[in-house]
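Taken together, the values in this text are just the output of simple stated rules run on the coordinates, not laboratory data. None of these values were measured; they are calculated from a predicted model. In this analysis, Cβ positions are derived from the backbone assuming ideal geometry, glycine residues included, and neighbour counts consider all displayed protein chains.
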């Protein structure tokens, strides 16, 4: 293990490091001794180093740390003021313990002035304070204390750090990826998986396959797993939603104590999560329902995370979740407290519903284009779109999918047209029904998957339909591009409307702009438009209130009509495009035919109706017979 003492010049890294090295029996090194000569000359001449200057220095340290770790460890005094520097140093995959030495500018400045011939001037010190990015992890020590007290504090913390900061239950794809993500960030992690028949070697195989990480402990015994965690215990469950979650909770709680935190990182139904929050609160245990988006790659490199539960519960786990999450364009974590009870899982559920719709829209674009173009040409067209405001992760992977070959055959052309689903899309539709919200685009995408599963029936019925032999017209690409843009805006509108109405109904006080922000990276529906949505939802409750966006929808109505006409002509099902268009037309039509429905309801059930000519909108009943 390499212990890195970091902080600005003058905070005592060298003095403390040497004393700590003596007590632990480890060699001490000062990172400044490894600076290239050109850097030392710059600092002597009162010239601050920039990132380019420091990169060769950091690379030298990386090589040294690998060697020191193999030799049994070391103490390193290193400024490492920026997170980007610490990320480079952490790339060694050695076991690192960070110790941040903090003090006021005045205190450190006075100490430097007392040193003779020290190259660090007050101006240079000020520049270090300005670029300092305080880590949210590691051991934090205030240098106001005596050397003995500081060493004692560090030793105590190091002893505690031998225990794991986080525990992961369930070593499926996501559980493994999250564990490696944490370990790579320098956290000690304990992992547990049941050892039932067929899963006896899951833990040992995982540990052996990732033996470069010395900070992962594996367990098949739940009691020993919990004992390996620092207090309060923080455990994320990565198993299938439903009864399996409750089963793990029941097995786990006898080993937990008041103040411990359980996180459900799966796609659980939000009402189940709310019930679990209440149940565990009665036992003094925190429960957080945390939506995690990004798939295997996101979980490994940095997902978008949507934690819900009490604010106090979130604050106990925030440093770790924010550390391992993706980062937005401003380098802020794509993880934020969503709201109480099941709010986190509700927002993840709607995210998945929007994801269903985004995927189906691209499938329908592909259905139109493949009548006239080969896969490579379709990829070229979509690549042009990807260079515009339509840029998105799903569009990017669609382009890659279209180009992927095995030998001389496109992989896509060999895939059966039966789409799977895990239920979260239909949950969004159910929630919309319960809340009186409209999510027709998501629902159409779900039903499109259901229809795709009826392969044999579709094959049988299609044989009864006479196929046309007439020449196929090439679709107008600009119409299709704008129709796709039109439908995506409406999908986002319906999704965020569902979240907004849930926030009102359940008194969650959700921040739509902040939700959009944490969806700008790490998650499956990240896109250029999601970046725009952060600002749109800061200013407006809904997308329709943005006059520029609303006018753009008016303009693009003609484009989606052309695409629908084209699809009708050639019998191409366009579930989500149709739903988007119908929703738009209905929402922008003053007088709908619902007056007839009200008359029918009053006729057979005396349900009453309101009249246009009554400004008080009283209710009336007619004797229709």
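Computed from the alpha carbon positions, the gyration tensor of the stretch 163-341 leads to an equivalent ellipsoid with semi-axes of 22, 20, 15 Å, biggest first. Across all directions, the average projected area of the convex hull around the alpha carbons of the chain is 38.6 nm².
Distance from the alpha carbon centroid of the stretch 241-275 to that of the stretch 471-492 works out to 44 angstrom. Relative to the dominant Cα principal axis of the chain, helix 375-386 is inclined by about 70°.
Each of the peptides 338-350, 495-507, 283-295 was scored by the mean count of other Cβ atoms within 10 Å over its residues; in descending order, highest first, they stand as 338-350, 283-295, 495-507.
Temperature 37 °C, viscosity 0.692 mPa s: under these conditions the Stokes-Einstein estimate for the stretch 1-147, based on its Kirkwood radius over C-alpha pairs, is 211 µm² per second.
Most tightly packed first, judged by the mean number of other beta-carbon atoms within 10 Å of their residues, the peptides 460-473, 567-580 read 567-580, 460-473. For the chain, the longest principal axis of the C-alpha atoms and the axis of helix 13-24 are separated by about 80°. Rg and Dmax of the stretch 396-457, based on Cα coordinates, read 15.8, 51 Å. Each eigenvalue of the Cα gyration tensor of the stretch 405-495, multiplied by 5 and square-rooted, gives one semi-axis; in descending order these are 29, 21, 16 Å. Sorted ascending by nearby beta carbons within 10 Å, beginning with the fewest, 153, 35 become 153, 35.
Three semi-axes describe the equivalent ellipsoid of the stretch 318-369; taken as square roots of 5 times the Cα gyration tensor eigenvalues and ordered largest first, they are 30, 17, 7 Å. Put the Cα centre of the stretch 361-422 next to the Cα centre of the stretch 187-217 and the gap is 37 Å.
Translational diffusion coefficient, Stokes-Einstein: compute it for the stretch 155-221 using the Kirkwood radius over C-alpha pairs as Rh, at 10 °C and 1.306 mPa s, and state it as an integer in µm² s⁻¹. The diffusion coefficient I find is 131 µm²/s. What the Cα convex hull of the stretch 529-625 gives, in volume per residue, is 191 Å³. Cα centroids of the stretch 126-155 and the stretch 543-612: 61 Å apart. Between helix 243-252 and the chain there is an angle of about 20 degrees, using the helix long axis and the longest principal axis of the Cα atoms.
By average Cβ neighbour count within 10 Å, what is the ranking of 382-392, 227-237 from highest down?
Final packing ranking: 227-237, 382-392.
Once you divide the Cα radius of gyration of the stretch 349-587 by 2.2 N^0.38 Å, the number left is 1.03. The reciprocal of the average 1/r between distinct C-alpha atoms defines the Kirkwood hydrodynamic radius, which for the stretch 1-50 equals 12.4 Å. Of 312, 32, the sequence from fewest to most neighbouring Cβ atoms within 10 angstrom is 312, 32.
Using C-alpha pairs below 8 Å separated by at least 6 residues, the relative contact order for the stretch 527-625 is 11 percent.
Among 102, 177, which comes first, second and so on when ranked by fewest other beta-carbon atoms within 10 Å?
102, 177
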